[in-house]
Every structure is written in structure tokens, then in C-alpha cells.
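Trainee: This is the structure, below, for whatever I ask next.
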């Protein structure tokens, strides 16, 4: 980061914010696409594969055609291609979604690694030009570092965040969105209304593919300008996690992705420090306290969740104690990195989450079988 | 009765032909890629065959790779038949290895005791880790695909930490454990190769699982639960109990695969990723074997040959071994595509022929998964 004065609480400053937004973007793109897909009932285990395909082909085409624009197009096309295979097998042929996804993942990882080795293996690392920043005039000069943290990024990042609201609008305010939501819950109703369930599901899967491909492009030709094998490093799976975490809602997914990106940025920041700064505990305590308070208000509405209250209250308490005492503990990186997965498991185990999960997720639709 | 026999035979016959067709198709695609990279077909093919079978060393390598592939494939088959399939094998492999490292490094007993303990440790570790997913499903209704996907990621982090902190070999900066003692490792079958005595696990496990599924009460119950939870419940069988046991068994098998990867591997030290990828390629093996425990053995041989041959081919003709990963993924896709095609053809045929012929073309369970 440049020498702009940054404002913030401990490690949570505007530099962290900028990094968090950048790190959030690829996962967010994939997650928004996957959100649509899961709402129509298709789970894309192959999300990682779509992303990787997008990353590789954006890199390759940018280099070969000397055009970033074509590179971006190529990434979307690559994601769409793999997603089309998925849709062909799972929506048309009604093959099992999970197994197909595993196959696509293997195929995409293998293909991109192979092509990379064959085409670039004997050359020195080629760095392609990256998509530049698009600074929003006026807004990007907000002092304290906020301006540059929020409004000095590439257009793909802006697109990613805007897409959340676009998808929200489409899902909840259009007829298309209604069909999408119904396709994963009661496809028979969609069928009866004369809309092709298959077509809606195709669109969902392709959305996941295209957006993940774009996410991959973001990784390759926006952030670094290179490709290396398996560079997505599990982000596709993180996107799946984010959709669960976000309870299959656009704003929830945005929050989940930002939590992941923020934690990643934090972890990078803390890598050099020998102990966990007290501000981190304080923020954790704050989030837990907010959850606890929220659960208490639900209790007063007559929907108590004692376990949630107890848990979040306990975490908040621990956080406060740790923030005050600021002990010299250095938790392993791996624990921080496991946190999103563990939290997702906890969230999954909660009944409310399963109430929001599209009922027909992973189940193919056959007319007459509901 | 003749009809059922004929039906059964044609079922197995078509299955076998389908697998062979898919394998050949995938290999042809591979050769296409090889030729496109500038290597002649004959050179590529001979390099591959040579790499897989051309020398004692290579054959040993191929056979050694069969072990984790077969075990994971069997694990998949077990949970698949019970209708509870999951993708948690990579994580269970890793945790199995973790438990192995504990038993291997912390106890000092002669090999006759040590090795069996190590194997049990691996199985226990894998089963325990699978148990988390099983519990989450049985008690909290969590979809085990999602939970095992997450658990895989967690296991990778646990292992990364394990070999860097508590069990790290302090004499090296690399993330490795100290060398596991010989008493905890499988003896080599052919000296100075990758082939160890753990190869005996392949026929033993395949026969055991085949017997378990076909001839025991547990196997019968599993298959019943896999065919339909409603039916099973009506018969007084608890799908949660049976399903959970199947998941635990699959975890044990994956853990055993993990133990082989650690104590029958080429190096005596354990790293953070000693072969978790077998957790996915094992699924491909099971698919190619059409979910038959006995067929898993030749399917595993094919995949092992692919891995071994591909690896050597990289050195001799410069074709990246990642092509093998692509081919394995392609095989899954082709098997699924071919199977569903076949199913749809049969279904149309059945509809045309009328009600009497229905028993001969019963749908395959994996194509229309029971509601989870």
C-alpha cells in the first residue's frame, strides 16, 4: 500500500479494508453465481474447476491475443463451457450432481495444469499486464485512506459488489427471480406455470460457471498477472461455504464473502506479528455480542434459541477478557484459516439454516415426480 | 428364473462393456493430447506403457498405487450402496495418517505388534473423522456432501499445523515429521521399489467388502437403506444407524488408505499432503468399476497404471503428468454420460415393450438419487 495515512482500529485499518475487498472479489463472484445455481437446485462441486479454467484461459488469451478484454471474455467462456458440461449431465441427463462436480473438478484441474505445463513450462514466468484500477473521481479522494480503499479498484471488483444488488433485485423483484426461487423448492409449480424447469436450471448453472470464470480471471489477470497450477487454492469451495453461510440470500452471501476476505486480509497482516493483537479479540467480542443481542431480541419475540445465546455470549465474554488481558498467545495460522469452515459447519448444523436451504438442492427434476 | 439370470448377466455384461469403452475412449483422448503436443503416437504410447509396466521398478510403482485407490474406491462403494455417499475421503485419509503418526512415533514395540497397531490407528482415525460427518447428518440433518467438503478443508489445515508444530521434525525446516521407525512400516515386497507388502490389502479388502455387501446382514441392511429409506424404516431398520455405520466404515477404509500412503510410502517421513488426492481419484475408480467391489481391483489397476505411466512419461517424452488428472476427471464425466445415456435408452425400450419387461431394466440407483 502507498504511504497514505490510514485510519482504523489496530490491524483493522483502511489498508486492511482495501486488501479485504480485493481478496473478497474472486470468492464473491463465484458465490453470487453459485447462489443462483443453488437456488434453482444445482450444487456445483465443480466451482473450483470453473474458477481455475477462467483463471488459466484469461491468462493464456491475454498473453496470446495481447488483449485484456479478450482475456476476460475467455475466462467467462471457459467457465461457461465447464458449466455447460455440468448442466448437460445433471440437468439433461439427470446424473448425480456431486459425482459430476468431482469429475469436472478433476478434469479442470488436470486440464489447466497440463496446458500450463505444455505451453508455458519451458519458458520463464510470463507476467501479463493486469487490469488497471479505475479510480472513481471525487469519491476516491476521501481522506483517511477510505477513498483509496473503497474507490480505487479494478472494474471487475466493482462489478462483483454491484452484482450482489443486481441479483438481489432480480431474485426478489422479477418474475425470473420467482421462477428461480421456485425451481429449487417446488419445481412442479414452475412446470405448471409453463416455464421450463430445465431452462431455469441451465441458466443457474451457467451463471455459476460464467461468474466463477470471471472470478478466476480476477485472480489471474487483475491481482497478479500470472497463472500457476491450482492457483485458486480452494476458493471455489470457500464460495460454496459462503453460500451456506449467507443462508442462500444475496446480502448474506455478501456478508459471508466479506467475512472470509476480511479474515484473509487480517491473517496476512498478522503473519508477521508474534501475538494476536487485542483489537482482534475486541472485534471478535463485538461481533459475538451483536449476535447474542440479536438472539435475545428474538427471544423476546417468542423464538428463543438458548444455545445460540449461550454460545455467542460465551464467545463475547472470552473476547472481552482476552482483549483486556492481551495475553501473549499466537494462535496457529491454520486455526484462523479453518475458522470459516468450522463456522460454516456450525451454521449448517443449525436448524434455521436448513430451513433456508433450497429443498430440492442436488435433486434432479422429472415431470410427474415433483 | 432364466429371465432373471439373463437379465443379471446382461446387466453385468453391459456394465463391463461400458467401463471398457469409457476407458478406451479416455485413453484415446489422452493420446490425442499427446500427439497434439508434438509427440508421435507410437512414442507416446510406448513411453506410457513402459512407464507403467516396463520394468520391475515401474510395475512395482503401479501396484503400489493400487492400494490407496482400491481402498478409497471400496469406501465409496460402501456408502454409495447405503445411499449415503460423501466426498470426505481426502480428509479421512489425512486424519488416518495423523493417527498413524502418533502410534508410529510414540510407541516402541516390535513390528509384529507395531504394524497392526498402526493400521488400526489409521482406520480409527479415518472412522472418527467420518463419524463427525455421520453424526452431523444423523443428529442434525446436515447434508453430508457439504459437511465432508468442509471437513476436507479443515483436515488439510490440521495436517498443515501437525507437521509444522507438534510433530515437526526439528532438524529440518521442511514441514515433515521425524522418520517413522521401520517397526511401524510395511516391509518392502520388492526391495528398492515402491512396492510394499500392503498390496495384500487389495485382494483382502475387495473380497471382504464384496462379501460384506452381498452376504451379511449389515450389507443387506445397507443396500435396503440405499434403495429407499421409507422401505427400510417400514422393515424396522433405522436408516440413521445403518447409514452412519456405512459412513464410519468408509472412513475406516479411507484411513487405512492413509496409513498405506504414510507407512508404505517412498519416504519414512510424513508430510502435510501425502496423497489426499487419492480421495477423489478413488471415487473415479469406483465409478469406472460401476460400484462393484470386485471390479474395483482391475479399475484401480488401470488408474494406478495411468498415474505411474503418466509420471514416467513426463520424464521421457515431456508430457505433463497433469494429463493423467484430466483423463481421470474425463473418465468420470464419460462414465456418467454413458451410463445415463444407456439408462435413457433402456427406459425408452422398456416403455415401448410394455409392463412385462420392467423387471429386466430396473433403473440404477445412482441415476436417480433417493431424496436425502
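Trainee: Residues being under 22 Å from residue A:357 (Cβ atoms) and in a helix (DSSP H, G or I): count how many of those fall in the stretch A:164-205.
Mentor: Summing the residues that are under 22 Å from residue A:357 (Cβ atoms) and in a helix (DSSP H, G or I) in the stretch A:164-205 gives 27.
Trainee: Test each condition in (1) part of a helix (DSSP H, G or I); (2) in contact (Cβ under 8 Å) with a residue 60 or more places away in the chain; (3) surrounded by 15 or more Cβ atoms within 10 Å (Cβ to Cβ) for residue B:39 and report the one that comes out false.
Mentor: Unmet condition: (1).
Yes/no per residue for (1) under 28 Å from residue A:225 (Cα atoms); (2) within 24 Å of the chain's Cα centre (by Cα); (3) crowded, with 16+ Cβ neighbours inside 10 Å:
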site: A:111; (1), (2), (3): yes, yes, yes
site: A:114; (1), (2), (3): yes, no, yes
site: A:120; (1), (2), (3): yes, no, yes
site: A:125; (1), (2), (3): yes, no, no
site: A:131; (1), (2), (3): yes, yes, yes
site: A:135; (1), (2), (3): yes, yes, no
site: A:163; (1), (2), (3): yes, yes, yes
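Trainee: Tell me, which residue of the stretch B:303-330 that is within 14 Å of residue B:29 (Cβ to Cβ) and more than 8 Å from every other protein chain (Cβ to nearest Cβ) is farthest from the chain's Cα centre (by Cα)?
Mentor: B:310
Trainee: Right, another one. Which ones in the stretch B:168-183 are more than 13 Å from every other protein chain (Cβ to nearest Cβ) and part of a loop (DSSP other than H, G, I, E, B)?
Mentor: To start, the set of residues in the stretch B:168-183 that are more than 13 Å from every other protein chain (Cβ to nearest Cβ) comprises B:169-174, B:176-183.
The answer is B:169, B:170, B:171, B:172, B:173, B:174, B:176, B:177, B:178, B:179, B:180, B:181.
Trainee: Being within 13 Å of another protein chain (Cβ to nearest Cβ) and under 30 Å from residue B:184 (Cβ atoms) narrows it down to one of B:128, B:151, B:136, so name that one.
Mentor: On the way: B:128 fails: within 13 Å of another protein chain (Cβ to nearest Cβ); B:136 fails: under 30 Å from residue B:184 (Cβ atoms).
After applying the criteria, what remains is B:151.
Trainee: Please pick out the residue among B:256, B:189, B:180, B:248 that is under 24 Å from residue B:56 (Cα atoms) and surrounded by 15 or more Cβ atoms within 10 Å (Cβ to Cβ). Before you say what the answer is, go through the steps one by one.
Mentor: Details: B:256 fails: under 24 Å from residue B:56 (Cα atoms); B:180 fails: under 24 Å from residue B:56 (Cα atoms); B:248 fails: under 24 Å from residue B:56 (Cα atoms).
Answer to the selection: B:189.
Trainee: Can you tell me which residue within the stretch A:317-363, out of those that are within 7 Å of chain B (Cβ to nearest Cβ) and over 21 Å from the mean Cα position of the chain (by Cα), is modelled with the highest pLDDT?
Mentor: Out of the qualifying residues, it is A:363.
Trainee: Now a separate question. With the requirement that a residue be more than 8 Å from every other protein chain (Cβ to nearest Cβ) and modelled with pLDDT of 85 or more, what does the stretch B:336-358 give you? Please lay out each step first, then the result.
Mentor: In the first step, residues of the stretch B:336-358 are kept if they are more than 8 Å from every other protein chain (Cβ to nearest Cβ); the result is B:338, B:342-343, B:345-358.
Across the stretch B:336-358, the qualifying residue is only B:338.
Trainee: Name the single residue, out of those in the stretch A:201-229 being in contact with a helix residue (DSSP H, G or I) (Cβ under 6 Å, 6 or more places away or on another chain) and within 14 Å of another protein chain (Cβ to nearest Cβ), that is nearest to residue B:144 (Cα to Cα).
Mentor: Filtering first and then ranking leaves A:229.
Trainee: Right, another one. Only one residue in B:114, B:108 is at pLDDT 85 or above, more than 22 Å from residue B:303 (Cβ to Cβ) and assigned to a helix (DSSP H, G or I), so which one is that? Write out each step before concluding.
Mentor: Numbers: B:108 fails: assigned to a helix (DSSP H, G or I).
Criteria check complete, one pass: B:114.
Trainee: If the requirement is being closer than 16 Å to residue A:39 by Cα and modelled with pLDDT of 90 or more, which of these qualifies: A:206, A:214? Explain how you work it out, then say what you get.
Mentor: Values: A:214 fails: closer than 16 Å to residue A:39 by Cα.
Of the residues listed, the single one that is closer than 16 Å to residue A:39 by Cα and modelled with pLDDT of 90 or more is A:206.
Trainee: From the residues in the stretch B:211-265 that are over 27 Å from residue B:141 (Cα atoms) and not in a helix (DSSP H, G or I), which one is modelled with the highest pLDDT?
Mentor: Per the stated criteria, the residue is B:216.
Trainee: Based on what the data block shows, is residue B:319 in contact with a helix residue (DSSP H, G or I) (Cβ under 7 Å, 6 or more places away or on another chain), surrounded by 23 or more Cβ atoms within 10 Å (Cβ to Cβ) and farther than 21 Å from residue B:37 by Cβ? Outline the logic, then answer.
Mentor: Numbers: in contact with a helix residue (DSSP H, G or I) (Cβ under 7 Å, 6 or more places away or on another chain): yes; surrounded by 23 or more Cβ atoms within 10 Å (Cβ to Cβ): yes; farther than 21 Å from residue B:37 by Cβ: no.
The answer is no for residue B:319.
Trainee: Taking the stretch B:277-301 only, how many residues are surrounded by fewer than 24 Cβ atoms within 10 Å (Cβ to Cβ) and more than 11 Å from chain A (Cβ to nearest Cβ)?
Mentor: Residues that pass the stated criteria total 7.
Trainee: Continuing with the same structure: Pick out the one residue from B:199, B:209, B:145, B:190 that is over 29 Å from residue B:86 (Cα atoms) and touching a residue at least 12 places away in the same chain (Cβ under 8 Å).
Mentor: Numbers: B:199 fails: over 29 Å from residue B:86 (Cα atoms); B:209 fails: over 29 Å from residue B:86 (Cα atoms); B:145 fails: over 29 Å from residue B:86 (Cα atoms).
Exactly one of B:199, B:209, B:145, B:190 is over 29 Å from residue B:86 (Cα atoms) and touching a residue at least 12 places away in the same chain (Cβ under 8 Å), namely B:190.
The values are calculated or read from the model by the stated rules, or taken from the named source; none is laboratory data. Nothing here was measured: the structure is a model prediction, and the numbers come from that model. When we count neighbours, we look across all protein chains shown, and the Cβ atoms used for this are built from the backbone with ideal geometry, even at glycine.
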